[in-house]
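Take a look at the structure set out below.
The values are calculated or read from the model by the stated rules, or taken from the named source; none is laboratory data. Owing to the predicted nature of the structure, the values given are computational and were not obtained by experimental measurement. Note that each Cβ is placed from the backbone with ideal geometry, even for glycine, and that neighbours are counted across all protein chains shown. Protein only, heavy atoms only, side chains kept; ligands, DNA and RNA dropped before computing areas. Shrake-Rupley method; radii C 1.70, N 1.55, O 1.52, S 1.80 Å.
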Amino acid sequence: MRQSVEELFERYQNNLFILAFQICKDMEDAKDVVQDTFLQYYSLKKEFEDEQHIRAWLIRVAINKAKNINRAFWRKNKRALEDYMETLEFITPESEELFETVMNLPEKYRTVIHLFYYEDYTVHEISDILKLSESNVKVRLSRGRSLLKEKLQEEWENDK
């Protein structure tokens, strides 16, 4: 199965951007990741089993590209997340607080939480995408939730 880049871009660009942004913490880098992901798909001559296979492939490539950007030498001299938080718009203060808390989680927890809650992947599907065991994915989800709960409770108690 092969779909046009235009169809896939329309369908998945926002999801890939959010995922890349969560890893890179930089809007421009996230846009580059999305663009590079679709360029790689365009130049790939591979046939996929179905649309779910294409979606999983796109997510895996985007994650790898975002991680590569984070490893780059010049990356260490970038601006902090707080500088970019000012450019984003949130519906409520609570959604901004939740976003910032998730963004401050370690990457391994942030990624599985995003795939599980925002992309609606199952534990089994996440394990395939990230090349981890299902038990490892469950542990990361559990620890990520615990960290979120702990950090959010601290913030709520400080607000009282």
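Values as computed for the structure displayed
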{"read-out": "Identity of the residue in the range 24-48, basic (Lys, Arg) and more than 16 Å from Ile59 (Cβ to Cβ), that ends up most open to solvent (accessible area, probe 1.4 Å)", "value": "Lys45"}
{"read-out": "Cβ-Cβ under 6 Å pairs, at least 6 apart or on other chains, the range 137-160 side over 10 Å from Val112 (Cβ atoms) and of a type outside the set (Ser, Thr, Tyr), far side open to solvent by less than 100 Å² (accessible area, probe 1.4 Å) and not in a helix (DSSP H, G or I)", "value": "Leu147/Leu105"}
{"read-out": "Flag for Ala62 being part of a helix (DSSP H, G or I), open to solvent by less than 40 Å² (accessible area, probe 1.4 Å) and modelled with pLDDT under 95", "value": "no"}
{"read-out": "Candidate set: the range 87-127, residues that are of a type in the set (Ser, Thr, Tyr), open to solvent by 60 Å² or more (accessible area, probe 1.4 Å) and not in a helix (DSSP H, G or I); chosen: the one farthest from Val61 (Cα to Cα)", "value": "Thr87"}
{"read-out": "Residue count, the range 128-160 (criterion: over 22 Å from Trp57 (Cβ atoms) and not acidic (Asp, Glu))", "value": "18"}
{"read-out": "Given (1) open to solvent by 80 Å² or more (accessible area, probe 1.4 Å); (2) without any contact (Cβ under 8 Å) to a residue 12 or more places away in the chain, number of the condition Phe21 does not satisfy", "value": "(1)"}
